[in-house]
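Participant: Quick one: this structure, given as structure tokens, is what I'll be asking you about.
The values are calculated or read from the model by the stated rules, or taken from the named source; none is laboratory data. The structure presented is a predicted model; accordingly, all values stated were derived computationally and were not measured. Glycine gets a Cβ as well: all are built from the backbone with ideal geometry, and neighbour counts include every protein chain shown. Surface accessibility is based on the protein's heavy atoms, side chains included, excluding ligands, DNA and RNA. Shrake-Rupley method; radii C 1.70, N 1.55, O 1.52, S 1.80 Å.
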Amino acid sequence: MPGYEVPRKFPTTVVGSYPKIGPADKAIKMRRSGEIGEEEFHRIARESIRMVVEDYLWAGVDILSDGEQTREDMVVYFAERMDGYREGDWVRVFDNVYFRKPVVVGRIGWRQPMILEDWEYARSVAQGRPVKLILTGPYTMLEWSFDLHYGDRRELILDLARALRREIDAALARGAEYVQVDEPALSTRPFREEAELLKEALDIVFRGVGAKRIVHICYGELERILPYILEYPVDQFDLEMKNSGFRLLPHLKEYGYDKEIGYGVIDVHSFQVESVEEVKEAIDRLMKADIVGPEKVYIDPDCGLKRLPREIAREKLRNMVEAARLAREEW
Amino acid sequence: MSDVKIEGQVLGGYPRSRIVRRALRQYESGSYSLLDRERVLHSSALTVIGVQVGQGFPYVVDGMLDWHDIFRPYAEAWRNVTPTGLLRYFDNNFFYRIPLFTGEPEPTDPVLAPRVRSYAPIAEPSKLKVVIPGPVTFTLMSSNRTGVSDEELAEAIARLLAEEVSLAVEAGAGFVQIDEPILSDPKASKDHAALAAELSSMIASRAGGAKTMLSIYFYSPKPEVYEGVLETKVDYIMLDLVDAGGAALRLLERKGCPGHGVGLGVVNARNVYSDEYEAVKGLVEAAMKACQPEEVLLTTSTWLDLIPYKYSLRKTRLLGYYTHRIAGEMGALLALAGGE
Ligand SMILES: [Zn+2]
């Protein structure tokens, strides 16, 4: 595979999820009904992953994902593949749409690779571009499951962290360069104790990991916990910024932020495609705020793109890539 | 303590059982008639009412099984407002549809009164409680494209809700619960609290002889927000004692609950553990010591609709059992539906 050179300034990337395209949705249903097994499931989903990667390549994204095509839900996917969980009873997600909120009923443990096959397949069709390994973080796994076994959040989150670390180690052995942990649940409880609980878990997830270590956090009031998360053992925070009007920028400045930033410039809730100028302005804004240099800035959407129509997701990414290219000329 | 009155009460809606989920699905896909759907909803509401009546709760809810979220019935019934995209509902892995206000909302058919008419006779000797979204929560969690300020929109919403409440009480509702969870949000300000206090007072003034409560859950409000809320003229103020991790208890210790009965959310409605009796009792004792209320409602910490159906029933039973036991052990007066 020819090496691909990720731009030194403003590399573009994605948070992870992409609209389900191709046979992915059907494959998820077939697996759920027992019609197909795990192996067949991932085999069928390859076509979807390939289509996602093609969209990224078309848009010109530098660091890719597998589009999370096999993940019906970011917590359930992992819970179904770890020891200690059982399928839960039905809980509402919205309207009359329900999911089986997983329940912890025993000691959490890693069994075998959970996401590596999809990730490796994405790498094989990425034309040399790096593909992030993306996992649901221990805090989000903790918060969005029920627990009937531990009765102690700290013990549970630390075991979740250990299990996720096993997955990461397996990926590192296969050459993973970027490892991202998604923690959308953190900002829903923006309290010091919670931020510190996650720090302890992330020490397990990331200690000594030689790849780029990223945590994605989105929405909510991050400024409340910013001082505590800056201590996390990560290289990069990937942050939703566009949707909240870049409100966080002065806070980053205030706390002397100097890690890399995954800078969310695309609103994933809006069907309105951001123009190149709009995205470029957002990048200029970060540069003018004088927080970190352009080699520490990764340009990406606020969050996963899964709720957007594919056409809109593609267009948004393309404009984002073009804006990053223009920014490279200027900064 | 012997002159303190204690009663149990479920805070809000119930989750849908399998048969209800299926009925709604079938109706949407066209394979169920409206009548089929209503029949299932009605019989399922009777079940959740029966579970509460069986615990002796003086006031019970119908479960609100057909509501997709707390705002939805109004967003669908009123003119100039429509449910739109999904947004996370506080820190839950549950999403509501953002109501979009494009003009001053106007009422159509009442939402609550018909429910009360159909369920109140069945709930006897308990009385039916109605639950409404507080106007401040409703406004701040909506998208306001009316051209008027949030405050004015909240007032317009409050007027319509007051009318709803008035009709519901006429139809037989005995208790009105006004939910302002947004006041527990760290972003909530003194101004929000003042507005919530004013508007809930206005709504309560239309509640006739029914009891009224302002409930704040998910977290504990900030002290200055809680202080503002104390101005409200409702019978009870309810706080979430389990999810706030002790913060709500400290509030009660510092500020008391002057002029109000107190609602104590002590049975955790967001996990599936069977709450431990000693822990629940400890919370109740600490809270009562802190604010010396004359009337205490022991409640679930929030609606029960965030946990699976079978656990919602279990939590209801726990709440009933613990209420009896605590009242007995404390030598307090236990309020039961239909009296002794
Ligand atoms: Zn996100």
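Participant: Are any residues in the range A:293-316 more than 16 Å from the ligand (Cβ to nearest atom) and either away from every other protein chain (no Cβ under 14 Å) or touching a helix residue (DSSP H, G or I) at 6+ places or on another chain (Cβ under 7 Å) (or both), and if so, which ones?
Facilitator: Hits for the range A:293-316 are A:GLY293, A:PRO294, A:GLU295, A:LYS296, A:VAL297, A:ARG310, A:GLU311, A:ARG314, A:GLU315.
Participant: Away from chain B (no Cβ under 14 Å), within 30 Å of A:TRP58 (Cβ to Cβ) and open to solvent by 30 Å² or more (accessible area, probe 1.4 Å): which single residue out of A:ARG129, A:ARG111 fits that description?
Facilitator: On the way: A:ARG111 fails: within 30 Å of A:TRP58 (Cβ to Cβ).
Only one candidate passes the filter, namely A:ARG129.
Participant: Condition test on A:ASP290, is it within 16 Å of the ligand (Cβ to nearest atom) and either open to solvent by less than 60 Å² (accessible area, probe 1.4 Å) or not β-branched (Val, Ile, Thr) (or both)?
Facilitator: It is false that A:ASP290 is within 16 Å of the ligand (Cβ to nearest atom) and either open to solvent by less than 60 Å² (accessible area, probe 1.4 Å) or not β-branched (Val, Ile, Thr) (or both).
Participant: Please specify each residue of the range B:240-275 satisfying the condition of being among the β-branched types (Val, Ile, Thr) and modelled with pLDDT under 95.
Facilitator: B:VAL242, B:VAL272 - these are the residues of the range B:240-275 that are among the β-branched types (Val, Ile, Thr) and modelled with pLDDT under 95.
Participant: Just one of (1) surrounded by fewer than 15 Cβ atoms within 10 Å (Cβ to Cβ); (2) under 30 Å from B:THR139 (Cα atoms); (3) within 14 Å of another protein chain (Cβ to nearest Cβ); (4) not aromatic (Phe, Trp, Tyr) trips up B:SER29, so point out which.
Facilitator: (2) is the only condition that B:SER29 fails.
Participant: Now a separate question. Considering only the range B:290-306, how many residues are open to solvent by less than 10 Å² (accessible area, probe 1.4 Å), out of contact with any helix residue (DSSP H, G or I) (no Cβ under 7 Å at 6 or more places or on another chain), farther than 10 Å from B:VAL262 by Cβ and aliphatic (A, V, I, L, M)?
Facilitator: 0
Participant: Would you check which residues across the range B:246-289 are open to solvent by less than 40 Å² (accessible area, probe 1.4 Å), of a type in the set (Gly, Ala, Ser) and closer than 17 Å to B:LEU230 by Cβ and list them?
Facilitator: B:ALA247, B:ALA248, B:GLY256, B:GLY261, B:GLY263, B:ALA287
Participant: Let me ask another. Just checking, which of B:LEU65, B:LEU86, B:LEU11 is of a type outside the set (Val, Ile, Thr) and at pLDDT below 95?
Facilitator: B:LEU86
Participant: I'm trying to understand the selection: among the residues of the range A:79-98, which are more than 7 Å from chain B (Cβ to nearest Cβ), surrounded by fewer than 17 Cβ atoms within 10 Å (Cβ to Cβ) and assigned to a strand (DSSP E or B)?
Facilitator: The answer is A:ASP83, A:ARG86, A:VAL97.
Participant: Moving on to the next point. If you go through the range B:162-172 one residue at a time, do you hit one that is crowded, with 22+ Cβ neighbours inside 10 Å and among the charged types (D, E, K, R)?
Facilitator: yes
Participant: Against the conditions (1) within 14 Å of chain B (Cβ to nearest Cβ); (2) charged (D, E, K, R); (3) assigned to a helix (DSSP H, G or I), where does A:ASP73 fall short? Just the number, please.
Facilitator: Condition (3) is where A:ASP73 drops out.
Participant: Moving on. Test of understanding: among B:GLU180, B:GLU198, which residue is away from chain A (no Cβ under 14 Å) and open to solvent by 30 Å² or more (accessible area, probe 1.4 Å)?
Facilitator: The conditions single out B:GLU198.
Participant: Considering only residues that are charged (D, E, K, R) and surrounded by fewer than 18 Cβ atoms within 10 Å (Cβ to Cβ), which ones fall in the range B:315-340?
Facilitator: Correct list: B:ARG317, B:ARG325, B:GLU329, B:GLU340.
Participant: Let me ask something else. Go through (1) within 12 Å of the ligand (Cβ to nearest atom); (2) open to solvent by 10 Å² or more (accessible area, probe 1.4 Å); (3) in contact with an Asp or Glu (Cβ under 7 Å, 6 or more places away or on another chain) for A:VAL276 and report which single condition fails.
Facilitator: The one condition A:VAL276 does not meet is (1).
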